[in-house]
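These notes concern the structure reproduced below.
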Amino acid sequence: MSSSDIFTGETIGTAVLVLLGGGVCAAVTLKRSKAFEAGWVAVAFGWGFAVLTGAYIAQRSGAHLNPAVTVGLAIEGTTKWSDVPLYFGSQILGALIGAVLMWITYYGLFKAHLTDPEVLAEHNGQEGMVDKKVAPKAGPVLGIFSTGPEVRNAVQNLATEIIATTVLVLAILTQGLTKGLGVSGTGVLITALVVTSIGLSLGG
């Protein structure tokens, strides 16, 4: 595949992935959203469908959409090591674009959430005494853009990430053992379901 295929596919695919994945997190987190407090199941399925959509869009590039997948495929021999920097750069650019598009989409809800008197009181630690001049701390809003552990323990948190990422990469690599999955597009669906499973089973 050409460099332009990799750049276009990974940039657009990752942008859509982050737009939809971050979008479901915003929908569940922001107070004025219709999906407010919809729960972890909504987030897991939202991310699974985000992977499905982004990966179908990025099929011409191989639909890596994740540096860990790119490294796994390079080790396995499917991807050239010389193409890895282009994959990484395209994925980072796509992720930034997707995050900005999600922020634009939810801008009104971000603004309403971060100026809500109850939210301000909660983050300022002043029940009933709201100082509107004091900006709220990031709190749950940060989780829309990045992940954070519910219980902070560096060793255990690292182990969780390694285990979950290994499951994802193994599921993708073993698809190559069954001929026709990539051609039929079933492999993309399987990957999306694996992401949903990881979210439900290991994301808590």
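Quick look at the numbers
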quantity	calculated
Between 0 and 90°, nearest 10: helix 3-29 axis offset from the chain longest Cα axis	30 degrees
Helix 40-57 axis, angle to the chain major axis (alpha carbon atoms, nearest 10°)	40 degrees
Test item: Cα-centred dipole of the chain, Lys/Arg +1 and Asp/Glu -1 on Cβ, debye	260 debye
Three semi-axes of the equivalent ellipsoid, the chain, Cα gyration tensor, whole Å, largest first	35, 18, 15
Options 65, 156, 11, ranked by Cα towards positive dipole end of the chain, top entry (Cβ charges)	11
The chain - percent of accessible surface contributed by carbon and sulfur, probe 1.4 Å	66 percent
5 angstrom amide H check on residue 79, placed H, neighbours 5+ away	74
Low-density loop cleavage sites - trypsin sites (Lys or Arg not before Pro) in the stretch 16-71, where at most 16 other Cβ are within 10 Å (DSSP)	31, 32, 34
FRET efficiency, residue 107 to residue 150 (Cβ-Cβ, R0 22 Å, nearest 0.05)	0.20
Whole-Hz ³J(HN,Hα) from phi, Karplus 6.51 cos²θ - 1.76 cosθ + 1.60, for the stretch 103-118, glycine and proline x	4, 4, 4, 9, 3, x, 6, 4, 4, 5, 5, 7, 10, 5, x, 5
Summed residue charge, Cβ within 15 Å of residue 199's Cβ, Lys/Arg positive, Asp/Glu negative	-2
Pair residue 142, residue 93: separation of 7 Å Cα→Cβ label points (nm)	3.0 nm
Relative contact order (%) - the chain, alpha-carbon pairs under 8 angstrom, separation at least six	29 percent
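The values are calculated or read from the model by the stated rules, or taken from the named source; none is laboratory data. Note that this is a predicted model, so its numbers are computed, not measured. Positions of Cβ are backbone-derived with ideal geometry, glycine not excepted, and every protein chain shown enters the neighbour counts. We work out accessible area using only protein heavy atoms, side chains counted, and drop any ligands, DNA or RNA first. Shrake-Rupley method; radii C 1.70, N 1.55, O 1.52, S 1.80 Å.
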